[in-house]
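Written below as C-alpha cells is the structure these notes are about.
The values are calculated or read from the model by the stated rules, or taken from the named source; none is laboratory data. Keep in mind that what you see is a predicted model, and the values were worked out from it rather than measured. Note that each Cβ is placed from the backbone with ideal geometry, even for glycine, and that neighbours are counted across all protein chains shown. We work out accessible area using only protein heavy atoms, side chains counted, and drop any ligands, DNA or RNA first. Shrake-Rupley method; radii C 1.70, N 1.55, O 1.52, S 1.80 Å.
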Amino acid sequence: MALYDIIIVGAGPAGLTAALYARRAGKTVLLIEKETFGGQITLSPHVENYPFARPMSGSELAQVLVDQAMNLGAEVEVDAVNSVSENANGTLTIKTDYSEFTCRALIIATGLKHRRLGVPNEDSFIGGGISFCAVCDGAFFKDRPVAVIGGGNTAVQDAIYLSKTCSKVYLIHRRSEFRAEKRVVDGLSACSNIELVLDSVVTECLGEHRLEGLRVQNKLSGDVRDIAIDGAFVAIGQEPNNAAFSELVKLDGSGFIIAGESCTTDRPNIFVAGDCRTKAVRQLVTAGADGGVAALAACSYIDAMGITA
Ligand code: NAP
C-alpha cells in the first residue's frame, strides 16, 4: 500500500490550497474527494469577493484551483472516507468505500453539507422538484414558478439568478430581514418577478409524484398558505460533514472539529482546514488561508519526524 506524506480529505478551496502548498514543499499528496472537485463554491453563480481574481462563476474559479493543484502533481481519488485509524508506527490508515490508503499526516477539509428543511415529504422530492443548487438545476424550471427558501447570500443570489429564467420566484425566509450582504439584497429590487414571503416557514412539501407546491405558515399571523411551484431550491445553510472523524479528533456540539487559526487538532498528525472547523468567518478567502496554514503545519510535523514517503 502506497504511503503518502499527506492525505487531504475534501477537494474544496481549503483542500485544494493545502495540496498546492504541500506539493510546493515537496511532499507526496493524495486528495480524496467523494463528490465535487471545487466543493461548494462550484454552486455559486457569481463570485466577486475573492481577491486577485476577476469576478467569475464559482465553477470557473474552482477549475482554476483544481488545475493549479493537479499541475503541481497532487494525486486524486474519487471516494468516500469512512474511518481513520492510527498505526503503531504513527502513520494513519484511511479506509474508504473502495480502498485504503496510508499517510504520515492527514488534513481534514471536508467542508459542509446542505441543511435540510426537516418537513414531511422533503426527502421523497429531492431530485423530484427539490434541489440544493440553482446553477445546476435552474434550467429545468425555465418559464415555470419556483421557490427559494433561505435568507443568506446563497438564497438571495439564487433567487436573483432564477428570476432570469423562471416565470416567478417566491423567496421564502423565516425573518423579515435578510442575513445576506446589503449589496446582494439590493439586487432584489431589479427583479419584478420575485415575491418575498417573509416571516414565513415551510411546513410541508405538497405533491403526488413530483413537487407541486409548498405549504407555508406566517410566523406572526399564523396564516397558512399553499404556494403552487414546480421547483424548490433549499438554501438554508450548511452543517459539517465530520462523522467519519468523530472518534479521532474533538468536535464541538455542532459537529465542527475544534481548532484555532493554527489549524492543528488535538492529534499531532491531524490538521483541519476550512469550513469544517470551529471558526467565526466561513468564506472562500478564509478556506484558502486555512489550506495554506494546515499544509505548512503538516509539512513541519513531517520534517520534524525526519522522514519522507
Ligand atoms: P447562511 O448565511 O448560513 O444563511 C442561511 C439562511 O437560512 C439564513 O437566512 C437562515 O435564517 C436560514 N435558515 C437556517 N436554518 C433554517 C431553517 N431550518 N428553516 C428556514 N430557514 C433557515 O448560509 P448561506 O447563504 O448558504 O451562506 C453560507 C456562507 O457562504 C455565508 O458565510 C455566506 O456569506 C457565504 N456565501 C458567499 C457568497 C459570495 O458570493 N461571496 C455566496 C454564497 C454564500 P436566519 O437568517 O434567520 O438565521
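Might you check whether a residue that is modelled with pLDDT of 95 or more, part of a strand (DSSP E or B) and surrounded by 20 or more Cβ atoms within 10 Å (Cβ to Cβ) occurs anywhere in segment 279-288?
No: segment 279-288 contains no residue that is modelled with pLDDT of 95 or more, part of a strand (DSSP E or B) and surrounded by 20 or more Cβ atoms within 10 Å (Cβ to Cβ).
Scanning segment 81-117 for residues that are open to solvent by 70 Å² or more (accessible area, probe 1.4 Å), within 16 Å of the ligand (Cβ to nearest atom) and assigned to a loop (DSSP other than H, G, I, E, B), which turns out farthest from A295 (Cα to Cα)?
Filtering first and then ranking leaves R116.
Among the residues of segment 159-188 satisfying the criterion of being open to solvent by less than 20 Å² (accessible area, probe 1.4 Å) and either closer than 16 Å to L211 by Cβ or in a loop (DSSP other than H, G, I, E, B) (or both), which is farthest from the ligand (Cβ to nearest atom)?
C166
Which one of the conditions (1) exposed (fewer than 14 other Cβ atoms within 10 Å of the Cβ); (2) free of Cβ contacts under 8 Å to residues at least 40 places away in the same chain; (3) more than 16 Å from the ligand (Cβ to nearest atom) does P55 fail to meet, given that it meets all the rest?
(3)
Answer with yes or no whether G274 is in a loop (DSSP other than H, G, I, E, B) and open to solvent by 10 Å² or more (accessible area, probe 1.4 Å).
no
Which one of these is open to solvent by less than 70 Å² (accessible area, probe 1.4 Å), within 16 Å of the ligand (Cβ to nearest atom) and of a type in the set (V, I, T): I41, I6, I32?
Testing whether each residue is open to solvent by less than 70 Å² (accessible area, probe 1.4 Å), within 16 Å of the ligand (Cβ to nearest atom) and of a type in the set (V, I, T) leaves just I41.
Any idea which of (1) closer than 30 Å to V9 by Cβ; (2) open to solvent by less than 60 Å² (accessible area, probe 1.4 Å) is the one N218 doesn't satisfy?
Single failed check for N218: (1).
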